[in-house]
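**Student:** Dropping the structure in here first, questions after.
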Amino acid sequence: AQSSDAAAQVDNLPEPLSARFVDSFAYKTVRDRLPVILAKVADSVCRRKSEFNSTNMDRVKSVIIGGVSRLRNELQTDKPLLPLSDSASDTTAWNDYLAELTETLGRAPSWFKEPWLYVECYMYRRLLELVNLADLTVGIDLFAPEKRQSLLGSAALAAAAAEAALAAEAEAEAANGAPQLRRLLRLCLSANLADLSLSALAEAHQLAADDANSSGLIILLDHTDQFVDCLRQRGPAVAVVHIVLDNVGPELVSDLCLAECLLRGGHAEKSGCTPKRRPGLCPTLLNWTWLPRLTGWPPARPANHPSSWPSRFGLACLPDSYRPVATRFGQLG
């Protein structure tokens, strides 16, 4: 009976968000936001000429910049979605799904007609395809300037998250409802509001920090109590918490502080942070090569930033308690 009820619930789900609904968030995203992102990528790469030698620059112009321009035109004119042509490990999976979708629909899928989440992820995968096809002798991150700006602009939120993480030590012996952990969970949620698609990053980060410390953050479904109870039932000697990393910048900083809070507050024995091996979005964190440099960030701290955070944070990043996890996050259970 339970399985049939679950099947009925799935059958009764509303249609996925799609740009074909002109009054929806998805329509505004596909019509306005995605073309702006592509235009910014092309402009940003053009401004980074000094990073490439003449051979690489020719490839950047013809393959990446030209490809981004064509991709933007495809999107804005609702052209059919095209198969990928690079040789990445996930190319076959993407193309198989596109072929399956084409057969199911009986027509070619297009930008404004298909589910919004698929279309947005497909756009970022097409950008990765251009990087792969360019085959440069040096690596290029199409979103590097935005990632850098996002990280440097998130000092206010980082200060609040670091303060909560360091204060969590006082909770290790106290049965006080784990207020710092609860506060940090709200900060992590609020940090998700400030991603690379927003134009005023610094203002968004400050807003996120303010919202997390007030009642202004509207949460539709809050499972904080269940999360805290689950940790207590397992006990810190056996509890291992995996955090799936998303964007860089404020989301990354708040996630790292959450891991620190779990350890310092005695809520978990280990905390593993898992980068996405095959992200849907280019701004996603892909590797940990920057981690040894984190203790020197930010170069100029605001007055309310805990001065001891960089050095103390580094002490907790030990292989036995806190580590990046290479396992695909879908297999962690």
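The values are calculated or read from the model by the stated rules, or taken from the named source; none is laboratory data. Not measured: the values here are computed from a predicted model. Glycine also receives a Cβ, built like all others from the backbone with ideal geometry; neighbour counts cover every protein chain displayed.
**Student:** Pairs please, first residue from region 31-45 and in the same structural domain as residue 71 (by TED's automatic domain parsing), second anywhere and at pLDDT 90 or above and among the basic types (Lys, Arg), Cβ atoms under 8 Å, 6+ apart in sequence or on different chains.
**Tutor:** Final answer for the pair search is 35/72; 38/72; 39/72; 42/72.
**Student:** Let me ask something additional. Taking residue 153 as meeting all but one of (1) in contact with a His (Cβ under 6 Å, 6 or more places away or on another chain); (2) closer than 30 Å to residue 266 by Cα; (3) not hydroxyl-bearing (Ser, Thr, Tyr), write down the number of the exception.
**Tutor:** It fails just one condition, (2).
**Student:** Of the residues 85, 110, which single one is touching an Asp or Glu at 6+ places or on another chain (Cβ under 8 Å), among the polar types (S, T, N, Q), in the same structural domain as residue 31 (by TED's automatic domain parsing) and closer than 22 Å to residue 31 by Cα? Show your work before the answer.
**Tutor:** Numbers: 85 fails: closer than 22 Å to residue 31 by Cα.
None of the others qualify; the one that does is 110.
**Student:** Let me ask another. Do the conditions hold for residue 127, that is, is it crowded, with 17+ Cβ neighbours inside 10 Å and within 27 Å of residue 256 (Cβ to Cβ)?
**Tutor:** yes
**Student:** Of the residues that make up region 114-131, is at least one in the same structural domain as residue 33 (by TED's automatic domain parsing), part of a loop (DSSP other than H, G, I, E, B) and either within 21 Å of residue 64 (Cβ to Cβ) or at pLDDT 85 or above (or both)?
**Tutor:** As a first pass, look at region 114-131 and keep what is in the same structural domain as residue 33 (by TED's automatic domain parsing): 114-131.
Among the residues that remain, those that are also part of a loop (DSSP other than H, G, I, E, B) are: 114.
Now drop any that are not either within 21 Å of residue 64 (Cβ to Cβ) or at pLDDT 85 or above (or both), which leaves 114.
Looking for residues that are in the same structural domain as residue 33 (by TED's automatic domain parsing), part of a loop (DSSP other than H, G, I, E, B) and either within 21 Å of residue 64 (Cβ to Cβ) or at pLDDT 85 or above (or both), one finds at least one in region 114-131, hence yes.
**Student:** Taking the stated definitions as given, is residue 197 at pLDDT below 65, under 23 Å from residue 252 (Cβ atoms) and either surrounded by fewer than 21 Cβ atoms within 10 Å (Cβ to Cβ) or among the hydrophobic types (A, V, I, L, M, F, W, C) (or both)? Steps first, please.
**Tutor:** Numbers: at pLDDT below 65: yes; under 23 Å from residue 252 (Cβ atoms): yes; either surrounded by fewer than 21 Cβ atoms within 10 Å (Cβ to Cβ) or among the hydrophobic types (A, V, I, L, M, F, W, C) (or both): yes.
Taking the combined requirement at face value, the residue satisfies it.
**Student:** Right, something else. Has region 155-166 got at least one residue that is hydrophobic (A, V, I, L, M, F, W, C), surrounded by 19 or more Cβ atoms within 10 Å (Cβ to Cβ) and either within 30 Å of residue 23 (Cβ to Cβ) or in contact with a strand residue (DSSP E or B) (Cβ under 9 Å, 6 or more places away or on another chain) (or both)?
**Tutor:** No, region 155-166 has no match at all.
**Student:** Those residues that are under 21 Å from the mean Cα position of the chain (by Cα) and surrounded by fewer than 17 Cβ atoms within 10 Å (Cβ to Cβ), I need them from region 18-27; list them, please.
**Tutor:** 25
**Student:** Also, I was wondering about something else. Among the candidates 55, 91, single out the residue that is hydroxyl-bearing (Ser, Thr, Tyr) and without any contact (Cβ under 8 Å) to a residue 60 or more places away in the chain.
**Tutor:** The conditions single out 91.
**Student:** So is residue 207 crowded, with 17+ Cβ neighbours inside 10 Å, modelled with pLDDT under 60 and outside any helix (DSSP H, G or I) or not?
**Tutor:** So residue 207 does not fit the description; no.
**Student:** Now, a different point. Where in region 1-62 are there helices (runs of 4 or more DSSP H), lying fully within it, with 2 or more residues that are among the hydroxyl-bearing types (Ser, Thr, Tyr) and at pLDDT below 90?
**Tutor:** Here the list reads 2-11, 54-59.
**Student:** Could you run through region 58-81 and say how many residues are under 25 Å from residue 32 (Cβ atoms) and without any contact (Cβ under 8 Å) to a residue 12 or more places away in the chain?
**Tutor:** Number of matching residues: 4.
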